[in-house]
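See below for the structure under consideration.
The values are calculated or read from the model by the stated rules, or taken from the named source; none is laboratory data. The model shown is predicted, which means the values in this text are computed figures rather than measured ones. Here the Cβ positions follow ideal geometry from the backbone for every residue, glycine too, while neighbour counts run over all protein chains shown.
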Ligand SMILES: Nc1ncnc2c1ncn2[C@@H]1O[C@H](COP(=O)(O)OP(=O)(O)OP(=O)(O)O)[C@@H](O)[C@H]1O
Ligand SMILES: O=C(O)[C@@H](CO)OP(=O)(O)O
């Protein structure tokens with residue numbers, strides 16, 4: 001209460017301390033979230049004016065943060081709002097591990113990179129790269145499926161029965177298994193170091209990733225899908241125009257890729273992992289951001305809303 005007697009500024013209260021509202025501090029945190037310094041100071045002044053209009057004497061950090069966030073949204077600073085929230089509330093105190101799964105071509109790499117840029121996460125790792133590393137350490141004789149693609153792995157199974165309805169999925173699961181070792185290794189390393197990462201690719205299969213990671217609140221699973229065959233095929237066509245990944249290979253195996261997609265979606269649903277239709281990039285990114293934000297909001301509240309500094 002000491003500030004009430006020496007300043008007529010609004011007092012921002014936290015669990016262990018309180019301080020007068022500072023436009024400079026707020027402006028600095030907004031510039032960290034990407035706002036131009038000149039705009040940030042004007043914005044901070046607006047927030048202060050609103051608080052004065054409401055005749056507030058004291059406000060908790062938590063409420064102030066909410067006000068800033070919603071004012072950013074209503075002033076069309078949505079990108080900044082996301083970064084402000086995430087930056088202030090999450091990345092500073094927690095390592096954030098986002099796992100983006102989905103069958104080949106549904107857009108896991110595209111969305112992972114967009115998410116990383118919006119959240120300010122500097123590390124995105126594709127499971128294809130992890131697979132490449134695993135290929136260098138496990139011989140083809142030991143795990144031949146690892147040397148296939150997710151949709152051709154069935155060919156490396158022993159004595160397979162072409163009539164078996166589960167054949168393609170069996171191949172896929174055996175293909176995914178060794179890559180999971182690498183994925184889980186990276187998650188462990190990030191958790192130990194307190195760093196953040198997005199891992200993306202078809203090998204992110206929730207049901208095969210150890211339960212341990214499903215129970216860690218800052219490990220977030222997201223699954224992408226495309227229900228429309230037509231749209232999914234067009235994605236391969238679009239990609240082939242700008243990369244060396246041959247269109248024919250994906251179209252020839254499209255029925256298997258579709259089966260894998262269905263399996264991943266079913267597996268995600270049964271593990272309560274959100275499944276997102278990746279039709280429009282901006283909608284998908286927004287939906288993913290909402291899931292990430294809500295998850296951390298819940299965590300924040302469980303921790304008493306005091307896990308970070310507001311300004
Ligand atoms: N929402 C979207 N709208 C339009 N095009 C998209 C969208 N998401 C991804 N794409 C495009 O679709 C193609 C496939 O996407 P991407 O390479 O990200 O898929 P992927 O899931 O990572 O595939 P793979 O697992 O085979 O590497 C790319 O050309 C990408 O630019
Ligand atoms: O295995 C797969 O589904 C894809 C994933 O990117 O890899 P590739 O087609 O390059 O083998």
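Under the condition of being in contact with a strand residue (DSSP E or B) (Cβ under 6 Å, 6 or more places away or on another chain) and within 11 Å of ligand 2 (Cβ to nearest atom), the residues counted in segment 102-127 number 6. Here is the figure for segment 254-288: residues that are over 22 Å from residue 209 (Cβ atoms) and more than 14 Å from ligand 1 (Cβ to nearest atom) total 1. Among the candidates 191, 224, 205, the residue that is within 14 Å of ligand 2 (Cβ to nearest atom), touching a residue at least 60 places away in the same chain (Cβ under 8 Å) and over 14 Å from the mean Cα position of the chain (by Cα) is uniquely 205. The residue list 256, 260, 276 contains one member that is part of a strand (DSSP E or B) and in contact (Cβ under 8 Å) with a residue 12 or more places away in the chain, which is 276. For residue 183, the requirement of being within 14 Å of ligand 2 (Cβ to nearest atom), assigned to a helix (DSSP H, G or I), surrounded by 18 or more Cβ atoms within 10 Å (Cβ to Cβ) and under 16 Å from the mean Cα position of the chain (by Cα) is met.
Scanning segment 235-253 for residues that are more than 12 Å from ligand 1 (Cβ to nearest atom), part of a helix (DSSP H, G or I) and either over 20 Å from residue 172 (Cβ atoms) or in contact with a helix residue (DSSP H, G or I) (Cβ under 8 Å, 6 or more places away or on another chain) (or both) turns up 248, 251.
All conditions in (1) within 16 Å of ligand 1 (Cβ to nearest atom); (2) in contact (Cβ under 8 Å) with a residue 60 or more places away in the chain hold for residue 148, with the sole exception of (2). When we screen 111, 138, 98, 130 for residues that are crowded, with 17+ Cβ neighbours inside 10 Å and more than 13 Å from ligand 1 (Cβ to nearest atom), the only hit is 98. Restricted to helices (runs of 4 or more DSSP H) entirely inside segment 42-156, those with at least 3 residues that are closer than 28 Å to residue 208 by Cα are 108-119, 127-137.
Scan segment 157-180 for residues that are modelled with pLDDT under 95 and in a helix (DSSP H, G or I) and the total you get is 0.
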